[in-house]
């Protein structure tokens with residue numbers, strides 16, 4: 001099947017490329033189609049664009065959002081590699097939101113995984129077309145022409161033509177078929193596997209990078225919005241007299257509340273429109289607003305926690321069953337059980353949600369820090385009642401995302417306000433808005449039970465969880481976890497135990513629940529890897545040796561049906577064993593026995609198709625203060641494109657994981673979120689974060705897997721396991737800040 | 001509103017804003033100097049850090065009237081071509097991930113190096129703990145500060 005076609009119509013691409021440029025459109029299957037296995041019926045989605053200008057400039061479209069992973073640079077290097085382009089002559093352009101690119105939803109740690117092949121094919125196709133164009137020009141066989149470093153060379157005659165000179169004739173060449181393409185061997189790579197600097201590197205340390213909050217449109221006004229403190233609360237009345245007295249305030253506008261499900265719709269509220277951000281914020285503080293809070297005012301974190309714990313103490317719906325757990329427990333041998341709890345968490349990206357919209361003549365122009373510009377199109381179109389084709393969404397840099405900026409409620413707010421006031425409007429969320437109106441990481445309780453043989457090894461393993469599902473975003477009646485959430489480290493536990501059952505109990509949502517960096521793996525990994533550590537201690541065995549014993553011999557684990565993804569990415573315990581051994585060796589595990597107040601902790605977790613093992617060193621001083629001198633992470637993510645950026649992701653994940661383990665907690669009372677800013681929703685600072693994270697990458701030619709998220713899940717259990725080894729205190733409830741360790 | 005005279009990155013400017021408006025919003029909204037970032041609005045995160053007469057301050061809680069006549073330097077004024085030793089070190093070490101907090105981190109670090117040209121780990125902790133990086137680049141920030149300190153010697 002032909003996976004690349006030549007597009008010569010300039011209009012198709014807008015003004016990004018000049019009329020004579022050679023432009024390639026690579027096409028890839030959406031992952032959903034791959035997973036369903038329904039390949040033949042699946043639509044071909046164009047996704048990747050690459051063009052060669054007649055001056056030799058190679059333009060590569062970055063269609064995924066840049067929020068710190070380096071993806072906007074790293075995906076284009078793959079295409080440049082196969083094209084054998086000179087990176088200095090490559091220009092990366094950020095794509096606007098458009099379904100023609102395929103999925104632009106930059107989450108799930110899948111940008112490289114899903115677009116690696118497409119990028120390679122785009123580069124290899126362009127290279128072959130350039131070679132064919134040169135061969136035709138010189139009247140020699142194409143086999144004698146080789147593209148290298150931005151020019152095609154005919155060896156025997158020493159003739160050469162630059163990519164720019166060849167762009168126009170190459171565009172006349174028919175698109176090569178997939179089977180005609182050749183790809184470089186890894187030995188020939190100039191960019192893949194090298195620490196290529198990101199294109200935004202200089203801008204990001206000189207204040208030149210433009211984020212959503214920095215975007216400007218001529219004639220723009222600024223908005224601050226007062227929203228119901230309880231999800232779904234209705235506006236009873238408001239008085240804006242004092243607000244309108246603030247110099248710079250122009251007017252107020254009511255944004256209607258949503259009808260469930262809340263989806264990505266605006267929450268509703270009263271907006272203050274002003275000539276600058278500060279005036280809008282000051283005006284908002286002077287609003288007098290009365291809300292009818294509604295049913296979610298009953299939400300109280302203390303009683304809800306108890307409810308979740310009671311749920312997991314009782315048998316629930318089985319979501320994975322191997323052997324017969326009940327029969328094994330009925331034998332009456334030694335058992336161990338434990339309960340764990342992880343509170344709500346907030347994303348708290350350093351850039352709060354912000355967007356600029358200009359709505360006029362039935363069209364919306366948007367500049368937004370968004371992980372998903374196509375969701376912006378859908379959401380804004382629905383809010384305004386226009387066709388999504390009339391929503392043009394430009395993607396700025398994102399000042400952090402972590403899943404928050406996949407949900408474009410804040411963009412729809414800007415669009416509705418712009419329509420209302422007839423001017424471009426910038427909406428800036430305050431930090432208080434960000435903390436109080438997030439799509440929170442869920443709150444969860446887990447119950448674990450094992451029957452143990454004489455060596456302390458489990459013969460039966462039962463795990464039960466309950467948490468409100470993020471799918472309540474799309475269906476308000478959802479009352480149990482989705483397969484996707486349970487597939488994150490719950491139904492795919494790769495342990496070699498003959499009897500295993502995973503269960504999930506019901507839970508209602510009272511705040512917006514969303515996906516946060518590594519999602520349900522957070523609570524699942526915390527419970528499972530804390531419990532493994534408890535069992536190793538009971539068995540009086542070395543914790544790494546015990547973990548390896550549970551993982552068992554190298555084999556492919558048969559987990560829930562994962563369709564074609566499972567063929568390309570089988571869950572291989574040999575790779576998990578390998579990273580555990582690597583992390584243990586790198587940390588000096590064998591030689592560093594726990595001492596009072598200082599010890600190592602280990603956890604290993606498979607997520608986003610990547611195998612990760614983490615050893616954390618923790619010190620607890622006489623006052624109970626925790627210090628994390630060192631983290632060793634070993635990971636197998638298949639082929640790695642940019643090792644430095646992968647290391648950066650795992651360094652960052654160690655800090656993110658430490659934040660949630662040490663201090664992350666969102667609570668509600670009377671349906672209102674009790675935290676509001678960084679003083680009471682704490683995240684790790686430089687003096688609290690792990691001091692040194694050493695990242696050890698497995699060299700592999702396996703298909704690339706995820707790197708943005710899988711570093712997070714092992715951190716909290718590894719920290720808590722180290723604390724147990726150092727102090728004898730077993731922490732089963734996060735965050736650590738709530739516990740007295742000495 | 002009255003005209004307030006301020007000196008930003010060596011330029012004498014007159015701005016007509018409410019005197020209680022924080023310097024942050026004058027820089028961003030009035031002067032379009034958007035390199036200085038909003039993160040918390042209550043001096044908790046350091047994203048808005050600029051220099052007033054060479055000292056690092058949080059512009060989100062600094063009324064513009066209080067800095068009239070003083071020398072204000074923002075990330076845009078630290079160097080015109082990212083050539084400050086800290087910016088060079090930031091580039092060499094590949095510190096930035098999303099980059100949003102890094103203007104504030106660099107301005108804070110620049111003030112630190114002015115006071116302590118050879119900072120210890122503890123000096124770095126003390127000076128930099130007011131600057132949050134949610135991406136978690138702290139280890140490279142520490143490395144880059146030390147690297148810049150070496151160069152400055």
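What the table shows:
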quantity: Entirely in the range B:28-110, the strands (runs of 3 or more DSSP E) that have 1 or more residues that are under 22 Å from residue B:134 (Cα atoms); calculated: B:49-52, B:55-58
quantity: Failed item, numbered, when residue A:686 is tested on (1) crowded, with 22+ Cβ neighbours inside 10 Å; (2) touching a residue at least 12 places away in the same chain (Cβ under 8 Å); calculated: (2)
quantity: Qualifying residues in the range B:4-21 (those that are within 13 Å of chain A (Cβ to nearest Cβ) and more than 13 Å from residue B:72 (Cα to Cα)) - the one surrounded by the fewest Cβ atoms within 10 Å (Cβ to Cβ); calculated: B:16
quantity: Evaluation of residue A:281 against (1) in contact with a helix residue (DSSP H, G or I) (Cβ under 7 Å, 6 or more places away or on another chain); (2) closer than 19 Å to residue A:229 by Cβ; (3) within 14 Å of chain B (Cβ to nearest Cβ) (one fails), failing number; calculated: (1)
quantity: Residue check, residue A:428 within 14 Å of chain B (Cβ to nearest Cβ) and touching a helix residue (DSSP H, G or I) at 6+ places or on another chain (Cβ under 9 Å); calculated: yes
quantity: Of residues in the range A:215-239 being touching a helix residue (DSSP H, G or I) at 6+ places or on another chain (Cβ under 8 Å), surrounded by 21 or more Cβ atoms within 10 Å (Cβ to Cβ) and outside any strand (DSSP E or B), the one farthest from the other protein chains (Cβ to nearest Cβ); calculated: A:232
quantity: Residue match in the range B:47-59 (condition: modelled with pLDDT of 95 or more, facing chain A (nearest Cβ under 7 Å) and surrounded by 18 or more Cβ atoms within 10 Å (Cβ to Cβ)); calculated: yes
quantity: Output for the range A:639-656, where each listed residue is more than 14 Å from chain B (Cβ to nearest Cβ) and buried (at least 24 other Cβ atoms within 10 Å of the Cβ); calculated: A:641
quantity: Sole exception among (1) touching a residue at least 40 places away in the same chain (Cβ under 8 Å); (2) surrounded by fewer than 19 Cβ atoms within 10 Å (Cβ to Cβ); (3) within 7 Å of chain A (Cβ to nearest Cβ) for residue B:137, by number; calculated: (2)
quantity: Options B:62, B:30, B:36, B:120: the member that is at the interface with chain A (Cβ under 8 Å from one of its Cβ atoms), surrounded by fewer than 24 Cβ atoms within 10 Å (Cβ to Cβ), more than 25 Å from residue A:647 (Cβ to Cβ) and modelled with pLDDT of 95 or more; calculated: B:30
quantity: So residue A:292, is it in contact with a strand residue (DSSP E or B) (Cβ under 6 Å, 6 or more places away or on another chain) and either outside the structural domain of residue A:653 (by TED's automatic domain parsing) or at pLDDT 95 or above (or both); calculated: yes
quantity: Some residue of the range A:589-606 being part of a loop (DSSP other than H, G, I, E, B), touching a helix residue (DSSP H, G or I) at 6+ places or on another chain (Cβ under 6 Å) and either surrounded by 20 or more Cβ atoms within 10 Å (Cβ to Cβ) or in contact (Cβ under 8 Å) with a residue 24 or more places away in the chain (or both); calculated: yes
quantity: Residue match in the range A:329-339 (condition: buried (at least 24 other Cβ atoms within 10 Å of the Cβ) and away from every other protein chain (no Cβ under 14 Å)); calculated: no
quantity: Failed item, numbered, when residue B:151 is tested on (1) modelled with pLDDT under 95; (2) over 25 Å from residue A:396 (Cβ atoms); (3) within 13 Å of chain A (Cβ to nearest Cβ); calculated: (3)
quantity: Any hit, the range A:714-725, residues being more than 14 Å from chain B (Cβ to nearest Cβ), in a loop (DSSP other than H, G, I, E, B) and in contact (Cβ under 8 Å) with a residue 60 or more places away in the chain; calculated: yes
quantity: Test: residue in the range B:136-148 that is within 16 Å of residue B:78 (Cα to Cα) and not assigned by TED's automatic domain parsing to the domain that holds residue B:33; calculated: yes
quantity: Odd one out for residue A:154, checked against (1) over 27 Å from residue A:649 (Cα atoms); (2) in contact (Cβ under 8 Å) with a residue 60 or more places away in the chain; (3) touching a helix residue (DSSP H, G or I) at 6+ places or on another chain (Cβ under 7 Å); calculated: (2)
quantity: Hey, residue A:251 farther than 30 Å from residue A:476 by Cα and in a helix (DSSP H, G or I) or not; calculated: no
quantity: All positions within the range A:622-638 that are in contact with a strand residue (DSSP E or B) (Cβ under 7 Å, 6 or more places away or on another chain) and either within 26 Å of residue A:706 (Cα to Cα) or part of a loop (DSSP other than H, G, I, E, B) (or both); calculated: A:628, A:630, A:631, A:632, A:633, A:634, A:635, A:636, A:637
quantity: Unique match (being assigned to a strand (DSSP E or B), touching a helix residue (DSSP H, G or I) at 6+ places or on another chain (Cβ under 9 Å) and not assigned by TED's automatic domain parsing to the domain that holds residue A:702) among A:166, A:161, A:128; calculated: A:161
quantity: Some residue of the range B:77-89 being facing chain A (nearest Cβ under 7 Å) and out of contact with any strand residue (DSSP E or B) (no Cβ under 9 Å at 6 or more places or on another chain); calculated: yes
quantity: Residue list for the range A:373-395, filter: touching a strand residue (DSSP E or B) at 6+ places or on another chain (Cβ under 9 Å) and assigned to a loop (DSSP other than H, G, I, E, B); calculated: A:386
quantity: Condition check for residue A:195: within 14 Å of chain B (Cβ to nearest Cβ), loosely packed, with under 15 Cβ neighbours inside 10 Å, farther than 30 Å from residue A:417 by Cα and under 27 Å from the mean Cα position of the chain (by Cα); calculated: yes
quantity: Candidate set from the range B:81-115 (those that are free of Cβ contacts under 8 Å to residues at least 24 places away in the same chain and farther than 18 Å from residue B:37 by Cα); member that is surrounded by the most Cβ atoms within 10 Å (Cβ to Cβ); calculated: B:91
quantity: Positions within the range A:657-694 being more than 14 Å from residue A:633 (Cα to Cα), facing another protein chain (nearest Cβ under 10 Å) and not in a loop (DSSP other than H, G, I, E, B), in sequence order; calculated: A:659
quantity: Filter result for residue A:411 (in a strand (DSSP E or B) and crowded, with 24+ Cβ neighbours inside 10 Å); calculated: no
quantity: Selection count, the range A:74-94, where residues are crowded, with 23+ Cβ neighbours inside 10 Å and either free of Cβ contacts under 8 Å to residues at least 40 places away in the same chain or closer than 15 Å to residue A:115 by Cα (or both); calculated: 9
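The values are calculated or read from the model by the stated rules, or taken from the named source; none is laboratory data. None of these values were measured; they are calculated from a predicted model. Cβ: placed from backbone, ideal geometry, glycine included. Neighbour counts: every protein chain shown.
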